[in-house]
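In what follows, a structure is listed as structure tokens, so that the remarks can point back to it.
The values are calculated or read from the model by the stated rules, or taken from the named source; none is laboratory data. Values in this document were obtained by computation on a predicted structure and should not be read as measured data. Cβ coordinates were reconstructed from backbone atoms using ideal geometry, including for glycine residues, and neighbour counts include every protein chain displayed. For the accessible areas, the whole protein counts, side chains as well, though only heavy atoms, and no ligand, DNA or RNA atoms are used. Shrake-Rupley method; radii C 1.70, N 1.55, O 1.52, S 1.80 Å.
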Amino acid sequence: MNTRKVKFSGLSIKSKVQYIFTVFVAIAILLCFVFFVSITRLKLTGTYVDKNEDKLNSVQKSYLSVMENVNNISKLIMINDSVLSYLREDCALPNNESEVRRISDDAVRSELYSILNSFSGSYTVFILKQREVPSNNIMKTDSKPQPEKNITEKNLRTFYVNTAIGIMKPVGDVLFGDEWYGMVSKEKGGYKVVPDNRGAFIFNTQMEIVSFTRIINDIDTQQPIGLLVINIPVRELEETYENFVSDDNMFAYVDSDGKIICSGMEQEQLDSVIKENRELIRSEEFYKVHKNNIISSRKISDTGIYVICSSHMSFLEDMSAEMLGILLGMLVIVLIMVLLISKYINKYVTYPISRLSDTMQISGGGTPVRLDDITSDDEIGRLQECYNDMINKINRLLEEVVDQEKQRQRAEMIVVQEQMKPHFLYNTLDTIGCMALQNTREEVYDAVETLGSFYRRFLSKGNESITLSDELSIVKSYIKLLRLRYDDMFEDFYEVEEELNSMMIIKLILQPFVENSIYHGIRPKGEHGIIKISAYSENNRVNIKIYDSGIGMSREKIGLLLRGEDTKSFGFKGTIERIKNFYQNDVYININSVEGEFCEIHINIPYQR
């Protein structure tokens, strides 16, 4: 985040205005587009919900038509004399009357077929009853054989007549249990649609059914005498919605537990939708936008069965040409307004500021430059006038500062020279005096000649800069004079590129560092030392290094010297300041040292041929 702030703050005002303007325009266009899309999507959602409602109405109507058809069949069966006679008769008949029973079953079955043939649809009908019979009664039943008991003992058995011979067989204990018979009895004469067989039938072939179930009451006593089950093939339910099924429209029937009865969708997909939206099978009516689909559901009367409709919604495909035209028109108008506003801001705001900024940058590289053409009389114009006034004042101040700086540097050079003259001269003359008493005339003459050569170059007729060769000669003369006092306490070495000897540098920048190396480095160590001066060019710059094998210095000491905070090193500090002033801070100075081993001063300056 900080990096982004730095990058943004480093941009020009013109770039900032363009950037911010572009961002806000993009946000505005995006918000308008989102708003437009949201309103349109909401409208399309309402349209799709209405379409789904119409489809659900048609499917529900078809479903109820099927159920009404089956209900009519059930009503005819419930008032049929043969059926009522079969349910009223006692089942505990002697064994020799089994043939009569078979004829009675066939008569009932014949009546059932006659009724079914009067209606469309492939249904299977079961007429069931439970009676107490002796344990040795061998009449047709679905119960398992029981061990022989006392003939007076009664067993509860299930008897049935059906039209699905060889296809399926009922399980009486389940059908007359609480889950079936108990559930249907709560309807008080009405019917109940059971979505799955729940173990109530054993199939010989693979088939899917929905069971229409109701209790048959005696017409005279209105007491329950049997159970009617009409099994409806699932295919009948699929036909109720197959005219509406397409790649974008899917239907399904599910029960209140979410179990799929039949579906035009993939089972995994439908299970996922129901799992994520349980309200589909809990509310009377419900719809939900699921991804790009409108999922609608409706509970069909009191059957416990829900029909679900899923319609794929494509925003671009369903958007009308008129709405697309409005959207494109809005975008064109916004873009035209953006261009006009951008042009106005560029002409009256960013261009004058950029022009002023460019002029200031030119001024930053040298003498300040005035801005000749004032663009306007507004705040930016007044800012330009103030800038011109400021430039005039700065030019006058710069002239004064330059003169003062030159005078200060000359004064500092004079102070350094004056400080060095008596101190070094007195010590050298004392040494030469002792030599006159002890050494030969040639040695005394050589010492006096060296002293004279040193001061000739040292003064250099008052010039501020000299060649690197003359600067090295000053250092060599200075070291030769010091050897008169300290004999062979150190050795000096020089590695200088030949072409650098004629280069002009500021005077007296090496001698103070050499003096510091001898007095504060080698001499305190008390061992024979080395002083090495090297100079080489690199990338149009010159590197000068002064090395000594003295006691070195700590990192804290180095930091104080480089920051100019060491009040005891006046000569070191003054030399660094003179170098920086002479080269206008285009200089690099560093100190590399290890305490007790060495110290190396590195000076990097421009190559001035």
Of all residues in segment 579-609 being over 26 Å from residue 403 (Cα atoms) and among the aliphatic types (A, V, I, L, M), the one that is most open to solvent (accessible area, probe 1.4 Å): 594
Residue that is surrounded by fewer than 17 Cβ atoms within 10 Å (Cβ to Cβ), in a loop (DSSP other than H, G, I, E, B) and modelled with pLDDT under 90, where the choices are 85, 118, 98, 38: 118
Members of segment 242-301 found to be open to solvent by 70 Å² or more (accessible area, probe 1.4 Å), assigned to a strand (DSSP E or B) and touching a residue at least 40 places away in the same chain (Cβ under 8 Å), listed by number: 287
Boolean, residue 256 is at pLDDT below 85 and within 20 Å of residue 60 (Cβ to Cβ): yes
Answer from 169, 144, 149, 154 - the residue that is touching a strand residue (DSSP E or B) at 6+ places or on another chain (Cβ under 8 Å) and at pLDDT below 85: 154
Flag for residue 533 being within 60 Å of the chain's Cα centre (by Cα) and open to solvent by less than 10 Å² (accessible area, probe 1.4 Å): yes
Boolean, residue 90 is open to solvent by 60 Å² or more (accessible area, probe 1.4 Å), of a type in the set (D, E, K, R) and modelled with pLDDT of 75 or more: no
Every pair of residues 6+ apart whose Cβ atoms lie under 6 Å, when the first sits in segment 560-588 and is free of Cβ contacts under 8 Å to residues at least 60 places away in the same chain while the second is open to solvent by 40 Å² or more (accessible area, probe 1.4 Å): 564/573; 566/560; 587/580
Which listed residue, of 17, 25, is modelled with pLDDT under 75, open to solvent by less than 50 Å² (accessible area, probe 1.4 Å) and either on the phi < 0 side of the Ramachandran plot or among the charged types (D, E, K, R) (or both): 17
Members of segment 179-207 found to be among the aromatic types (Phe, Trp, Tyr) and loosely packed, with under 14 Cβ neighbours inside 10 Å, listed by number: 203
Some residue of segment 488-503 being closer than 15 Å to residue 545 by Cα, modelled with pLDDT of 85 or more, open to solvent by 70 Å² or more (accessible area, probe 1.4 Å) and not in a helix (DSSP H, G or I): yes
Hits in segment 192-230 - residues which are in contact with an Asp or Glu (Cβ under 6 Å, 6 or more places away or on another chain) and either at pLDDT below 85 or under 15 Å from residue 163 (Cα atoms) (or both): 195
